[in-house]
Amino acid sequence: MTTQTENFHSGFAVLAGLPNAGKSTLLNALAGGLLSPVTDKPQTTRQNILAIIEGPAYQVVFVDTPGFLHPRYKLQQTMAACVDRAVGEDADVVLLLLDAAAPDLSAYQELFAKLAKVFCPVYLVLTKTDLVKDKSVLPALEAEVKKALPRVEKTFCVSAPRGSGVEELKAAVAAAMPLSPAYFPPGQWTDRWERFYAAEFIREQIFKLYQKEIPYSTQVEIEKFTEDLGPKNFIRAIIHVERETQKPILIGKGGAAIAKLRQHAQQRIEQFLGRPYRLELQVVVSPNWRNDAKLLEKFGYIDKE
């Protein structure tokens, strides 16, 4: 692959939208794999996740951001900062994702105001279009968004799970990238270490298997990660909860719930990493960790000074 500035295009495409707009599902479809955790609950993504897509003369770094929200505690403040930084500083193109099956433009007004100030192109991506029975409503929805945000230059209708519209979107984004050498070496597909994804996929399964406040009150920390040992590959993870009452819920009667979690998470990790692992989980109580600056720094949500 050539990376000469005169004929190579490279840059960042930031996915922005409300929680559950389909950002992580679209990122996975663009990347051609299960890179970003996906659940049916909002606020699954807590940090920016990168998927690096490359072609003969381009490299696009797609950035999956946390869902846009109004922060209620320090963790959500760090999530909001991820969105602001990606949209305001990193983006060469912003992809504004809107759930076409359940649009709520009133909830987008603050995000529209932020995107009105960016200096890069904004593309509207109407997601979950397979769930829209009457496709004639889509042009009207597009017009309504453009009225609120005239910065929108192009519109794409996609169904990420079905792959509909994904290649067209990818091609348009690649064509919009500026002349630049590649930001990452050829063949690299993300900027995160494997242990980061191991923690993310454990947390993904917590979101899928538990209800109410449990998923939002947990944080996964990888304590030990050994690899290249064949059947002896091993991961030990600590699951932090905020209150003592949450610990027995996570563990379940006779350890049944956490055993199921371990099984599902181990399968997900092995699927992603392509090799066998033995996963061990431990639950500890870290009171009010979502508002504890030291713990948020330890978990990587706040940069160390």
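From the backbone phi of region 189-196, what are the Karplus-calculated ³J(HN,Hα) couplings (6.51 cos²θ - 1.76 cosθ + 1.60, θ = phi - 60°) in whole Hz, Gly and Pro given as x?
10, 7, 9, 9, 6, 4, 5, 4
Need one number: the % of Cα-Cα pairs in region 125-242 sitting beyond the 21 Å mark. Walk me through the numbers before you get to the answer.
Working: 4539 of 6903 pairs.
Roughly 66 percent, once rounded to a whole number.
Using a 10 Å cut-off around each Cβ, can you sort 155, 245, 65 from fewest to most neighbouring Cβ atoms?
245, 155, 65
Helix-only estimate, please: 222 nm mean residue ellipticity of the chain, summing -39500 (n - 2.57) across DSSP H runs of length 4 or more and dividing by its residues, to the nearest 500.
-9500 deg cm²/dmol
Mind pulling the angle between the C-alpha long axis of helix 74-85 and the longest principal axis of the chain? Nearest 10 degrees, somewhere in 0 to 90.
30 degrees
For residue 149, enumerate residues with amide H under 5 Å from its amide H, sequence gap 5+ or separate chain, H modeled in the peptide plane.
none
Under 5 Å between amide H atoms, partner at least 5 residues away or on a different chain: which partners does residue 283 have, H built in plane at 1.01 Å?
Answer set, sorted by chain and number: 239.
Once both axes come from the Cα atoms, what is the angle between helix 137-148 and the longest principal axis of the chain, in degrees from 0 to 90, rounded to 10?
The helix 137-148 is inclined about 80 degrees to the chain.
With θ taken as phi - 60° and the coefficients 6.51, -1.76 and 1.60, list the Karplus ³J(HN,Hα) couplings across region 162-176 in order, rounded to whole Hz; mark glycine and proline as x.
8, x, 6, x, 5, 5, 5, 5, 4, 5, 5, 5, 4, 5, 8
Between residue 156 and residues 5 or more places away or on another chain, which pairs have amide H atoms under 5 Å apart, with H built 1.01 Å from N, and which residues are they?
HN-HN under 5 Å from residue 156: 124, 125, 126.
Given R₀ = 25 Å, what would the calculated FRET efficiency be for residue 196 paired with residue 263, taking r from the Cβ atoms and rounding to 0.05? Working shown, then result.
Details: r = 21 Å, r/R0 = 0.86.
Computed FRET efficiency for residue 196 and residue 263 comes out at 0.70.
Which three numbers, in whole Å and largest first, are the semi-axes of the equivalent ellipsoid of region 9-176 derived from its Cα gyration tensor as √(5λ)? Each step should come with its number before you reach the end.
Values: eigenvalues 79, 79, 56 Å².
Values for region 9-176, descending: 20, 20, 17 Å.
Using the C-alpha gyration tensor of the chain, what are the square roots of 5 times its eigenvalues, in whole angstrom, with the largest one first?
Numbers: eigenvalues 222, 109, 69 Å².
So the three semi-axes of the chain are 33, 23, 19 Å.
In terms of the ratio Rg/(2.2 N^0.38 Å) built on C-alpha atoms, what value belongs to region 194-298?
On the way: Rg = 13.5 Å, N = 105, 2.2 N^0.38 = 12.9 Å.
In units of the 2.2 N^0.38 Å rule of thumb, it is 1.05.
At what distance in angstrom do the alpha carbon centres of region 98-177 and region 234-259 lie from each other?
If you average the Cα positions of each part, the centres end up 39 Å apart.
What list of ³J(HN,Hα) couplings, whole Hz, do you get for region 235-251 from phi and the Karplus terms 6.51, -1.76, 1.60, once you set θ to phi - 60° and write x for glycine and proline?
Values, residue by residue: 10, 10, 10, 9, 9, 8, 10, 8, 10, 4, 5, 7, 4, x, 5, 5, 6 Hz.
Rule-based calculations on the coordinates, nothing more; no lab input. From a predicted model like this one, the values you see are computed outputs, not experimental measurements. Methodologically, a virtual Cβ is constructed for each residue, glycine included, from the backbone with ideal geometry; neighbour enumeration extends over all protein chains shown.
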